[in-house]
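Visitor: Dropping a structure here in structure tokens format, bear with me for questions.
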Amino acid sequence: MTPERRPRRRRIARSAALFALGGLLAFLATDHPARFLIVDDPPAPSDAIVVMAGATAVALMRSEKVATLIVTGGEPGPGDSAESLRAKAIELGTPAARIRVESLSHSTREAVLAVAPILRSLQARTVTVVTSPYHQRRAAAAARRAWPGIEVRSRAASPSAWSPHRWWTTSASRRVVLTEYAKLLYYGVRGWL
């Protein structure tokens, strides 16, 4: 290669890298990266509903005539702990006898593993996982991996304080999206998806 062609190739490579970086930044400034995290399957009958967040499951339980509600989460106190989810479901009219509780888990991975024996005891073939919208892709994929032979559907907890719309404009939403992508990568590397 002649000496005069080297600088030209470098300029082309630098321009291509800048163009690619610009394209990536333009893509990140859209709703697409956040919307990728959402996996909302259409309503369909299930043998059980596994609740990782929100009270949406009670309405799904009624509309889809699901017999069992399984609440997960070992975090103490109000919010999305199994006990607070159970209390909310009872408050909304779900009979306590139709609720199963998994209260030892502290992560998505722990929750899907802890729920597996409950699903086996129910002989569940289809399960709807209800969780925060940004958590849906990872939760559903982890559930599919941990519950072989069970059809897993995903529904978003509603209402949700998080929205994929203009996610990059607030630090809290940026943190949620970037953290969820990091967790997806980690779960993928560990073989949990």
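Since every read-out is calculated from the coordinates, none of them should be taken as a lab result. Computed from a prediction, not measured in an experiment: that's the story for all the values here. Ideal geometry is used to build each Cβ from the backbone, glycine not excepted, and the neighbour counts take in all protein chains shown.
Visitor: What FRET efficiency, computed as 1/(1 + (r/R0)^6) with R0 = 35 Å and r the Cβ-Cβ distance, is obtained for Thr179 and Arg10, rounded to the nearest 0.05?
Guide: Working: r = 37 Å, r/R0 = 1.05.
Efficiency for this residue pair is about 0.40.
Visitor: OK, next. Convex hull over the Cα atoms of the range 33-193, averaged projected area in nm²?
Guide: Approximately 8.9 nm², given one-decimal rounding.
Visitor: I'd like the orientation of helix 108-122 relative to the chain: the angle between its Cα long axis and the longest Cα principal axis, in ° from 0 to 90, rounded to 10.
Guide: 40 degrees
Visitor: Run the helix sum for the chain: -39,500 (n - 2.57) per DSSP H stretch of 4+ residues, divided by residue count, reported at 222 nm to the nearest 500 deg cm²/dmol.
Guide: Values: 7 runs with 93 residues, N = 193.
Counting only the DSSP helices, I get -15500 deg cm²/dmol.
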